[in-house]
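> Next up is a structure, given as structure tokens.
All of the numbers you see were taken from the coordinates with simple rules; none came from a lab. Just so we're clear, the structure is a prediction, and the values are computed from it rather than from any experiment. Backbone-built Cβ (ideal geometry, glycine too); neighbour counts: all protein chains shown.
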Amino acid sequence: MRYSAEHKAQTREKLLEAAHRALHAGGAEGLGVAGVTADAGLTHGAFYAHFESKEALVAETVSRASVRMRERFVQRTAGLSPADAFRAQIDHYLSPAHLEMMAGCLLPALSNDAVRVGGAVRDSYEQNAETLVELMQSLVDGLGLNDPHLARSMTAEMVGALSLASAAHDEAHTQRILEASHDALLRRVGLA
């Protein structure tokens, strides 16, 4: 049976969405083709009609997350002053809601897997990280700060804070981690 281009695109989208949820839940090593296809309501055959391997699915999911990250950043900061745009990004990224979002940042969820899995997954992970660095650099530039390493350092702190917060044993500890990083980042650029 031949499917329309629209049907193929919808099927691919279902697989990518299910993969994104699986990556948040268990990282790349925890993602299984059977689980992804079941979550998407599809068969193994549907998977292999769209992706040659699990690695290809993960790599594309992470690459697609970079595009979404940029789009959401633009929406979040559009029309704001440099200071308000910086605050909006930090408020969003280091929030409990972002930590819990299945559509949130994949960087904390995949940091260990990118090294172990390597190849296209690692390349996509690095691209995703560089996208966040670029977005942070645009905010740093907007504030008129002349430090070529500040955006990269802030990105590392933000991703690290989410990683630590996600592993915290209770909600109060999670909140302390997020707030500490949030406040420190605002102080570093003179906004606190």
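> Under the definition of Cα pairs under 8 Å and six or more residues apart, what whole-number percent is the relative contact order of the stretch 54-188? Please list the in-between numbers first.
Values: 124 pairs, mean separation 42.2, N = 135.
Reported as a whole number, the value is 31 percent.
> Rounded to the nearest Å, what's the spacing between the alpha carbon centres of the stretch 49-127 and the stretch 149-192? Just the number, please.
Each part reduced to its Cα centre gives a spacing of 16 Å.
> Same structure again: Tabulate in residue order the Karplus-calculated ³J(HN,Hα) for the stretch 23-35, using 6.51 cos²θ - 1.76 cosθ + 1.60 with θ = phi - 60°, rounded to whole Hz; enter x for Gly and Pro.
Values per residue, Gly and Pro as x: 5, 5, 6, x, x, 5, 6, x, 7, x, 4, 4, x Hz.
> Neighbouring Cβ atoms within 10 Å as the yardstick, rank HIS92, HIS182, HIS173 fewest first.
Sorted ascending by nearby Cβ count, the order is HIS173, HIS92, HIS182.
> A follow-up question, please. How large is the charge dipole for the chain, taken about the Cα centre, if only the Cβ atoms of Lys, Arg (+1) and Asp, Glu (-1) carry charge, to the nearest 20 debye?
320 debye
> Follow-up question, since we're still on this one. Is the C-alpha gyration tensor of the stretch 87-135 telling us rounded, prolate or oblate? Criteria: a/c under 1.5 is rounded; beyond that, a/b larger than b/c is prolate, otherwise oblate. Working shown, then result.
Details: a/c = 3.33, a/b = 1.73, b/c = 1.92.
Cα axes put the stretch 87-135 in the oblate bin.
> Within a 10 angstrom radius of the beta carbon, how do LYS54, LYS8 rank from fewest other beta carbons to most? Please list the in-between numbers first.
Numbers: LYS54 18, LYS8 14.
The order, fewest Cβ neighbours first, is LYS8, LYS54.
> Which ³J(HN,Hα) values in Hz, rounded to whole numbers, follow from the phi angles of the stretch 175-181 under the Karplus curve 6.51 cos²θ - 1.76 cosθ + 1.60, where θ = phi - 60° and Gly and Pro get x?
These are the phi-based 3J(HN,Hα) values: 4, 4, 5, 4, 5, 4, 5 Hz.
> What number, rounded to the nearest 500 deg cm²/dmol, is the helix-based mean residue ellipticity at 222 nm of the chain, given -39500 (n - 2.57) per DSSP H run of at least four residues and division by all its residues?
Helices in the chain give a 222 nm mean residue ellipticity of -26000 deg cm²/dmol.
> Could I ask something else about it? How far apart, in nm, are the 7 Å Cα→Cβ label points at GLU134 and HIS92?
Going by the 7 Å Cα→Cβ label model, 1.6 nm.
> If you keep only loop residues by DSSP, which trypsin sites (Lys or Arg not before Pro) in the stretch 76-162 have at most 11 other Cβ atoms within 10 Å of their Cβ?
none
> Within the stretch 165-192, what residues put their amide N at less than 19 Å from the label point 7 Å along the Cα-to-Cβ vector of LEU80?
Backbone N within reach: 178-192.
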